[in-house]
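The block underneath contains the structure these notes are about, expressed in structure tokens.
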Amino acid sequence: MPSEPGATPPGASASAAGQFNDADVMFAQQMILRHEQAVAMSDMVLRKTGVHPEVTALAQRIKATQQPEIDQLNSWLDAWGRKQVDDGGQHHGGHGTITAEKMRRLDSADGPGGQRLFLQGMIRHHQGAVAMAETEIAEGKHPAAIQLAETIAKRQQQEIETMQELLTNL
């Protein structure tokens, strides 16, 4: 099934957009949920006052990179005739997602406490995303999805290192 116009990233052919397997579908579905939660976590910390400027910049960068990836993943699911899974916002902390209780704590924390919770949670969150991306790289078939997984793994590993440094210095 060909992808929609504009759904194929540069360097990926339209015919390749139709090649996918269950690993690609699982990657897209689960990464959307993961990215949506990361965007929500970023929004929470961005609403706070007293947050270190580097944490604010990181949260803004996470939103700026992950929302377009959500859109891309959704376009692939549409092209593949698959649906996005809906967990109803009830993350249970599996595979690095943050539990609903931890999300409530992050949301209600003050700026300095919230930035620490954000960094701790996002490190775990990114570690789960890196593992998920590595699975896609090993098992996926869709060339552009594999390329995105490689990008996610590299970028989020770098962000983990940045967040660990920030936690040490804050």
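Between the range 37-57 and the range 96-122, the C-alpha centres lie 10 angstrom from each other. Bridging of Lys63 to aspartates and glutamates at a Cα separation below 16 Å is possible for Glu36, Asp43, Glu54, Asp71, Glu159, once same-chain residues fewer than 8 apart are set aside.
State, to one decimal in nm, how far the label point of Arg82 lies from the label point of Thr168, with both points 7 Å from Cα in the Cβ direction. Simple spin-label model gives 3.8 nm for this pair.
Cβ-Cβ distance of Arg105 and Ala131, R₀ of 25 Å, FRET efficiency by 1/(1 + (r/R0)^6): the value works out to about 0.55. Shown for the range 100-170: the carbon plus sulfur share of the solvent-accessible area, taken with all protein chains present and a 1.4 angstrom probe, equals 48%.
Using a ≥ b ≥ c from the Cα gyration tensor of the range 37-170 (square roots of the eigenvalues), is it rounded, prolate or oblate, where a/c under 1.5 gives rounded and otherwise the larger of a/b and b/c decides, a/b for prolate? Mind dumping the intermediate values first?
Values: a/c = 2.06, a/b = 1.63, b/c = 1.27.
Here the range 37-170 falls in the prolate category.
The values are calculated or read from the model by the stated rules, or taken from the named source; none is laboratory data. Worth saying up front: this structure is predicted, and the values here are computed from it rather than measured. Backbone-built Cβ (ideal geometry, glycine too); neighbour counts: all protein chains shown. Ligands, DNA and RNA are stripped out before the accessible areas are found, and what is left, the full protein with its side chains, is counted by its heavy atoms. Shrake-Rupley method; radii C 1.70, N 1.55, O 1.52, S 1.80 Å.
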